[in-house]
Amino acid sequence: DEPALLWIFNRQRFLTAEQVLKRVGLDPNAFTAELTSIGIPTTAWSADLSTEQTERLRECLQTPPFAAAIRHQVTTARKLALRYLEQEGVLDETPYALVDIGWHGNMQRSFARWLRADPARRNLPVTGMYFGLQRHPPDTELDQFVGYWPEVDPEREALRTLNVALLEMMAAADHGTVLGFREERGTIKPMLDGERNEAAMAWGLALLQAAVLKFTN
């Protein structure tokens, strides 16, 4: 639907066909002919999509071959992710909250939607706690978005004027992004986009974290 498509095609600094298909769990190699037919050959998979290419790919994802493959991937991924949450004790009725740096609450919305796709969990509340939110998403009976840095406060600088890239680096992980989950010998483990966050480590993340720990000690 439209909210899902907005997330799938969310552009940060750039957007590539590989990124789009990875977000829906698909291997572009399985759709070489379809991608080529809309003007995205293999040589362009890692290139920044033009506005026209983006629109064509958006339409293509909604065609039967892609839609069926996405539904299959979603069903499998959701089952593994729920098993991971159960394994880690998130669904044992102990109160919990998601903690994230910010900025739009998309992860929380996705998490809540995925969690409540199971009818047995349709009424589970989800709370998110953030350093800051660019815009406060609407709270509901089940969802609360709690920001430490307020969206509107005349006595403070607006969040949009801060160097959020610096804040993100200070809160970066030393491992790659979680792409999904897999089963290994009866245990559900996260699949990472690399064991190390090479870009952050090269930037000096280990030194920054060591300095933070030194200061707090």
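Computed values, structure above
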read-out: Hits in region 26-55 (condition: in contact (Cβ under 8 Å) with a residue 24 or more places away in the chain, open to solvent by 40 Å² or more (accessible area, probe 1.4 Å) and either charged (D, E, K, R) or in a loop (DSSP other than H, G, I, E, B) (or both)); value: E34, S46, A47, D48
read-out: Residues that are modelled with pLDDT under 90 and surrounded by 14 or more Cβ atoms within 10 Å (Cβ to Cβ), drawn from region 159-217; value: L159, L162, V164, L167, E168, M169, L179, G180
read-out: Near pairs, Cβ below 6 angstrom, 6+ apart or cross-chain, from region 169-185 (touching a residue at least 60 places away in the same chain (Cβ under 8 Å) and of a type in the set (A, V, I, L, M)) to any residue that is open to solvent by 70 Å² or more (accessible area, probe 1.4 Å) and not in a strand (DSSP E or B); value: L179/D193
read-out: Conditions (1) open to solvent by 60 Å² or more (accessible area, probe 1.4 Å); (2) modelled with pLDDT of 85 or more; (3) in contact with an Asp or Glu (Cβ under 6 Å, 6 or more places away or on another chain); (4) not β-branched (V, I, T): number failed by Y130; value: (1)
read-out: Helices (runs of 4 or more DSSP H) fully within region 98-217 counting 3 or more residues that are of a type in the set (D, E); value: none
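Residue-wise test of (1) at positive phi; (2) modelled with pLDDT of 95 or more; (3) open to solvent by less than 40 Å² (accessible area, probe 1.4 Å); (4) not aliphatic (A, V, I, L, M).
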{"site": "A67", "(1), (2), (3), (4)": "no, no, yes, no"}
{"site": "T76", "(1), (2), (3), (4)": "no, no, no, yes"}
{"site": "A81", "(1), (2), (3), (4)": "no, no, yes, no"}
{"site": "E86", "(1), (2), (3), (4)": "no, no, no, yes"}
{"site": "G89", "(1), (2), (3), (4)": "yes, no, yes, yes"}
{"site": "Y96", "(1), (2), (3), (4)": "no, no, no, yes"}
{"site": "M107", "(1), (2), (3), (4)": "no, no, no, no"}
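The values are calculated or read from the model by the stated rules, or taken from the named source; none is laboratory data. The shown structure was predicted, so the numbers you read here are calculated from the model rather than taken from an experiment. With ideal geometry, Cβ positions are generated from the backbone for all residues, glycine too; neighbour counts draw on all protein chains shown. In case anyone asks, the SASA skips ligands and DNA or RNA and just uses the protein heavy atoms, side chains included. Shrake-Rupley method; radii C 1.70, N 1.55, O 1.52, S 1.80 Å.
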